[in-house]
Structures are given as structure tokens and as C-alpha cells.
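Enquirer: Take this structure first; my questions come after.
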Amino acid sequence: MKLQRIAAITERVLRQLAHDRRVLAFMLLIPAAAMILFGYSFSGDIRDVKVAVIDEDRTDLTASLLDSLTADEALLVRVVPSGEDPERLLLEEGYQGVIRFPAKFTSLYYAHFAMGVATSAQGRIDLTLDESDPQIAAAIQKSLADALMDLGEGGPVDVQIQDLYGVEVRFIDSFAPAIMGLVVAMISTVLTLLSIVREKVDGTFARVWVSPVRRAEFILGYVLAFGLVALAQSLVVLGIGGLVFHIVINGSVFWAFLCVILFAVGSVGLGTLLSAVAQTESQAIVSFPLVMLPSVLLSGMMWPVQAIPAVLRPLSYLVPLTYSNRVLRAVMVKGLAPWQEPVGFAGVLAFVVLTIAAATLVLRQQSRRSD
């Protein structure tokens, strides 16, 4: 073993990297982007959680509680009329918690120390939570507890929490839909990207365009192949989640699979788009993290979108996985149909239409260059 030969090989590899400006740029951009995204994402606090308040008591005490809740930066509080159905507010109006002060709450609150004699009477607050995201649910409970602590002396308060879905939703129940979307996005995008780039490098890509195969047939072939791959991946993830971790699935497994396959179709289109800027497999591999890093950090997968700092939050709505998370959690945890989560469902459909249309244009341009 000679150091000269080792040094020569090292020099050769470095020269190859230096000549490939795209790979060199990605090598410098990816660590910088990762550090910035991780740093900003981990520094955020949960804010702007939509909470509805039903005040059936209408006293100075409930007004004081309402003021404390409104002043809490974690909550976005709105008072709604008495008689509103908490479940409807959560499932149809997009609220993530409903706090109800029943009639006689104030009198029961102070009755505990009436005439200096302790009684069994105590004030009660009804709290209905959308527990599809346990971190959001915990933030609402903490804000309500802090507001009660600000009241000072008085009797204890019984906060009765209603489970919207009939069972306690754990973090794994909320995390599993996000994992399904992420796995499908990663595999479908990277396999499409590498497959097309490999065909370009081998020269088979140019031969496709002089064959009877049409561009639409080419794209549909990829979509069908990776749609089946996505279905198999989803079966594996869902099967392990159900059998090993006993995740909660309140909704239709059929709708969940349909949403996953739709997202896989969009990911195939995204992989085709990335292949337009990658001429070699090395460029394809190093460009992939620029797509995946924002997907993991800004989609609400690891922590709620409300916990992402305001400076980065608008970027969350440009990340397709954000919408996949929303619609899959709505179907699997909340038990809704996909269209009952209109923002998430529309986002996934827009992702599919835009990426497939753009991929068609990209392939058309590449076919013209090869002619």
C-alpha cells in the first residue's frame, strides 16, 4: 500500500467533484439548509391554535377566564353562541378545542367555601378536544390550566375532557399517517428520479422517444408502477402499526389507501421534474435532500405547523407533505371522508395535477432535445 497511489485517487475524486458544479453546489447548500431549518424549527412555540369558547354563565368570573385565554399567545380564541355542538365545531369548523362554561359555574365555584364550610360543590368546565394531534391537545389543556391558576382563591374546578374519537389518541396514532405519506413520497420520488436519470445516462431514454411509446403512456407506466409500490408500502406500514403498535384507525382504510396512492402519483411527477435538472445519478442523489428536508421539518410531521416560527410557516403551505398529513390524519384518526378535510384534500389533488402536468412538459422538452 503506497500513500502516493492513495493520494492520486483522492485527487482524482476531488477533481471530478470540482468539475461537477451542480454536485458541488448541492454539497454546500444541503448542510446550510439543514442547519437553518433545524435551528428555526426547533426554536418555535405552539401558537394560533383555534379554540372556541361557549359561555353559558356570563359572569365576571368567566369573563376573567376568557381574558386570560385570549391573552395566551398559544390560542386563537373565538366566543361562539350557546347551544353550539362542540363536535360539529371541531369536525366542520376547524376548531381544535371547545371550552364550555356551563350555567351556574360561578356559583358552584364559590360555593366550595360558602360560609367557611367546605362542600362537595365545585365548578365544572367541559373541554372537548380534537386529539388527532396530541401536542396541540396538550397545549390547550395547559393554557386552560394556566387561566384557572390566575383566578386566585376559590373552589377547585373539575375539567371534564371529552374524547372526540372515543379513545385516547397517542402520539403514535397521530404520527403513523405522517409516516405513511413520508415513506411513499421518499420511495416514489427517489425511484422515479433515479430511474429516469439512469435511462438518460444509459441512452435508453433517447431510444424511448423514437419508439411508438407516447409521452403520456410513458408517464402513466411510471405512475402505475409506483402506485402499486405505494400500495404495498402502505400495507406494510399500516399492518405493522396496527399489529405491533395498535394504532387507532377510526376511518376507512380504503380512503386512506386512495389518498396514499394519489400522493404517490404526485411524487412520481415530482421525481420526473427533478430529473430535468439532474444529468447524472450523483446529481440526482444530492438534489433529493433539498426536497425531503423541508418535507420532514415543515409539514407538521414532527411537531404541529402552529409550532413552526412565523418566518417559516408560509413555507409549510408550499410543502406537499403538509396536505398529505392533514388528509390522512382526518381519514385515519378523525374518521372523516377525504373531502371533509377540504384543505388537505385539495392540496393533494393540486399536487398531483401540477406535478403531472409539469412532468409532461419536461418530458416533451427532453424528447425534443434528443431528436
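We did not get these values from a lab; they are worked out from the coordinates using the rules stated. As the structure is a prediction and not an experimental result, all values here were calculated from the model. Backbone-built Cβ (ideal geometry, glycine too); neighbour counts: all protein chains shown.
Enquirer: What is the sum of charges, Lys and Arg at +1 and Asp and Glu at -1, for the other residues whose Cβ falls under 12 Å from the Cβ of residue 347?
Expert: 0
Enquirer: On to the next question. Using the Cα atoms of the range 49-163 to build a convex hull, what is its mean projected area in square nanometres?
Expert: The Cα convex hull of the range 49-163, projected and averaged over all directions, gives 6.8 nm².
Enquirer: Could you give me the ³J(HN,Hα) list for the range 321-331, computed from phi with Karplus coefficients 6.51, -1.76, 1.60 and θ = phi - 60°, whole Hz, x at Gly and Pro?
Expert: 5, 4, 6, 4, 4, 4, 6, 5, 5, 5, 6
Enquirer: Starting from the Cα of residue 171, step 7 Å toward the Cβ, then list every residue of the range 293-314 with an amide N under 18 Å from that point.
Expert: From the range 293-314, the list is 296-308.
Enquirer: Still on this structure, I have one more. Taking the Cα centre of the range 171-370 as the origin, how large is its charge dipole in debye, to the nearest 20, when only Lys and Arg (+1) and Asp and Glu (-1) carry charge on their Cβ atoms? Write down the numbers at each step before the final one.
Expert: Working: 12 positive and 6 negative charges, 96 e Å.
Rounded to the nearest 20 debye, it is 460 debye.
Enquirer: What's the long-distance tail for the range 171-370, i.e. % of Cα pairs beyond 28 Å?
Expert: Values: 5551 of 19900 pairs.
Roughly 28 percent, once rounded to a whole number.
Enquirer: Could you give each residue of the range 59-70 its phi-based ³J(HN,Hα) in whole Hz, using Karplus coefficients 6.51, -1.76, 1.60 with θ = phi - 60°, and x for Gly or Pro?
Expert: Computed from phi, the couplings for the range 59-70 are 10, 5, 5, 5, 5, 5, 4, 5, 4, 5, 5, 5 Hz.
Enquirer: Would you pull out the residues with amide H under 5 Å of residue 159's amide H, same chain only if 5 or more places away, H placed 1.01 Å from N?
Expert: It is 125, by chain and number.
Enquirer: Convert each backbone phi in the range 253-268 into a coupling constant with the Karplus relation 6.51 cos²θ - 1.76 cosθ + 1.60 (shift: θ = phi - 60°), then list the ³J(HN,Hα) values in order as whole Hz, x for Gly and Pro.
Expert: So the J values, rounded to whole Hz, are 5, 4, 5, 4, 5, 4, 5, 5, 5, 4, 5, 5, 4, x, 5, 4.
Enquirer: Once a ≥ b ≥ c are taken as the square roots of the eigenvalues of the Cα gyration tensor of the range 258-326, is the result rounded (a/c under 1.5), prolate (a/b larger than b/c) or oblate (a/b not larger than b/c)?
Expert: Values: a/c = 2.77, a/b = 1.50, b/c = 1.85.
The shape class here is oblate.
Enquirer: Extending each Cα 7 Å along its Cβ direction at residue 354 and residue 293, get the distance between those two points in nm, one decimal.
Expert: Distance between the two pseudo-spin positions: 2.1 nm.
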